[in-house]
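Trainee: Below is the structure I would like to discuss, written out as structure tokens.
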Amino acid sequence: MSNVQKQIDEIEAEMARTQKNKATNYHLGTLKAKLAKLRSELINGPGGKSAGSKDAGRGFDVTKSGDTRIGLVGFPSVGKSTLLTTLTGTRSEAAAYEFTTLTCIPGTMKYKGARIQVLDLPGIIEGAADGKGRGRQVISTARTCNLILIVLDSGKPLTHKKIIEAELFSFGIRINQTPPNVKLTKKDNGGIDYQEMVPQTQGMNADVCRLVCKEFKISCAQVILREDITVDQFIDVIEGNRSYIPVLYVFNKIDSLTIEELDILDQMPNYVPISSQHKWNMDELMEEVWNKTNMMRIYTKPKGQVPDYDEPVILHSEGSPTVEEFCNRIHRGLMDQFSHAWVWGRSAKHQPQRCGKDHLLEDEDVVQIVKKAG
């Protein structure tokens, strides 16, 4: 056991012994900050970049294509290769032994007019974030995805789920979370200026903030908390390199489960039961993929012609895309000639509505671009 791992084990043991209350917040904050630094050192080596940085672990060299990218992550032999074949038609070698897939196998599928790239990643194992197996390559590639499908064998779903979540967390992936609404601005002087816009109930306060900043060698900064956060979330903000990625838990091989077992699994959030071998419940899986990736279809309408419903322009609805983003998706130089747009659909008050570049679009809007005269 390395010296760093020994220190990690000691800190984790001390945290487990420490009761959580207001009196221990300061001490626990210190331990969590030290633990985060040690885990980064364990993964990247002394003086290496923090866990989750783009240089910390090289992923598989797969060119990003299509409108969105999803990655299949799971233990060996849970059916990822069969699922890739079912979704995309791409043949990924499958057999009844572990580590059949030794590299990243890409495939492409179409759904609601969107081209979705699907990556079948090698089986993950416990200790992946520390470099066991090809874990670091797997997780580095997973960080490039818009959505991760954690494929679980219905025989051991909860055990595997916890292990995979821990490995992704260790490598800086925060699943089904949004970045904390915290502003951290480093300064040259003035100490730590700590402000709370909402009451903090989960362990953060001015003393803990200054302590964690000190551990990361930040002596002067403005910190504004706009939501109630934990100490761990504040450490994520300081590290500044976390990936916030939506996750769906895909329970495969449901043909081997009883109705009672399915009822228990059905209580879990972000869960889809399937059988990739028998192609059961693929429609629900694809609809959940669509919703989780926030894709929306915008149809183009050339002047004097009917809209092109076969090849929509795919935008991601998070943050409500504008007409300008729609134009840039078609061609980067289109805005130079832009005069206005005619928009039909749910975002328009009347049909059609004349709109500028800042108009917010909605799913299945029809847009006609009008260029400047001359």
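Trainee: Given the structure, is Val313 touching a residue at least 12 places away in the same chain (Cβ under 8 Å), in the same structural domain as Val366 (by TED's automatic domain parsing), more than 19 Å from the chain's Cα centre (by Cα) and under 21 Å from Arg69 (Cβ atoms)?
Mentor: Here the answer is yes, as Val313 does meet what is asked.
Trainee: Could you tell me how many of the residues in the stretch 242-277 are in contact with a helix residue (DSSP H, G or I) (Cβ under 6 Å, 6 or more places away or on another chain) and not in a strand (DSSP E or B)?
Mentor: 5
Trainee: Six or more apart or on different chains, Cβ atoms under 7 Å: show the pairs whose first residue is in the stretch 135-158 and over 13 Å from Val73 (Cα atoms) and at pLDDT below 80 and whose second is surrounded by fewer than 23 Cβ atoms within 10 Å (Cβ to Cβ) and of a type in the set (Lys, Arg).
Mentor: These pairs meet every condition: Ser154/Lys253.
Trainee: Would you check if Val198 is closer than 30 Å to Thr141 by Cα, at pLDDT 90 or above and not charged (D, E, K, R)?
Mentor: In short, no.
Trainee: Let me ask something additional. Checking the structure you have, find out if any residue of the stretch 176-194 is at negative phi, in contact with a Gly (Cβ under 9 Å, 6 or more places away or on another chain) and in contact (Cβ under 8 Å) with a residue 12 or more places away in the chain.
Mentor: yes
Trainee: Right, something else. Picking from Thr63, Thr30, which residue would you name as being over 30 Å from Ser154 (Cβ atoms), out of contact with any Cys (no Cβ under 9 Å at 6 or more places or on another chain), at pLDDT 80 or above and assigned to a loop (DSSP other than H, G, I, E, B)?
Mentor: Unique residue meeting the criteria: Thr63.
Trainee: Tell me which of these Ile238 doesn't satisfy, since it passes every other one: (1) free of Cβ contacts under 8 Å to residues at least 60 places away in the same chain; (2) more than 30 Å from Cys220 (Cβ to Cβ).
Mentor: Unmet condition: (2).
The values are calculated or read from the model by the stated rules, or taken from the named source; none is laboratory data. Quick caveat: nothing in here was measured; it's all calculated off a predicted structure. In this analysis, Cβ positions are derived from the backbone assuming ideal geometry, glycine residues included, and neighbour counts consider all displayed protein chains.
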